[in-house]
Amino acid sequence: MAASPQHSPRAQTQQRTQGPGEAAIQHGADQLLALIDREKRIAVNQKDETIRQLAAQLHGYQQALSQTKSNHAAERSLQVRETQLLNEEVHRAKNGDSGVIDTLRRECESLRADCTATKGAVEQMGVYSVVPGFYSFAPQWIDLFNALGIEGGKPWSPEQLLAVIQAAAERLRQHRGDAPQPQQPLIENNNDPFVLQTELNRARAYVARLEELASKSPAPTPPTVPSQGIPPPAPTPSTY
């Protein structure tokens, strides 16, 4: 085994030849060099560790970036596919709805023509729409309305006119003494204000008609009473 430099004969000779001051300087220099060498090793180790950490972070960043790019590409591909499917669906729906729309348009035009024809036919009958939901009647209806006691010079809604006509029909059945048939139920709207007003108008017209007839008819002549004269005396029997 080789002797260490400190115990070698040359080192011992140098130590013997060096003075106390030189030995102290040499010892301090050795300690300083050892400290510098230790600090250098520590710094190198720290730098190596920092490099390893940075390399690991860089590798992580690269993996995350690659994954992000892959996800973005997948999402982009999915969006493109969904857009294509939506466009195809819209195209199919448009082509399919065009026939339905054409059919509905033809039906609408047919209904509009029917409504126009019906309106013309109703107007020819003397029924006119004044405002939505109310109808007026031509003078040709006046006689019938007067007979039913209905005021013909005002607009009527279908519900109001139906109630009044039903009340008039019920009154005519009762006047004839007819019993209501199963298909002709009793009127349940006798308390309807329009029905009551119509009945009142009819009663007033009836009273006015009676008064008019009474004023035109001649006064009745009193019956003739035969005159009562004195009867002749009865013949007396002859006496013998």
| message | Condition check: of a type in the set (Asp, Glu) and in contact with a helix residue (DSSP H, G or I) (Cβ under 7 Å, 6 or more places away or on another chain). Does GLU107 satisfy that? | response | no
| message | Based on this model, can you work out whether THR116 counts as surrounded by fewer than 13 Cβ atoms within 10 Å (Cβ to Cβ), over 27 Å from the mean Cα position of the chain (by Cα), β-branched (Val, Ile, Thr) and part of a helix (DSSP H, G or I)? | response | yes
| query | Can you spot a residue in the range 97-108 that is part of a helix (DSSP H, G or I) and loosely packed, with under 10 Cβ neighbours inside 10 Å? | reply | yes
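Any read-out appearing in this document is the output of simple, stated calculations on the displayed coordinates, not a laboratory observation. Everything numeric in this text was worked out from a predicted model, so none of it was measured. When we count neighbours, we look across all protein chains shown, and the Cβ atoms used for this are built from the backbone with ideal geometry, even at glycine.
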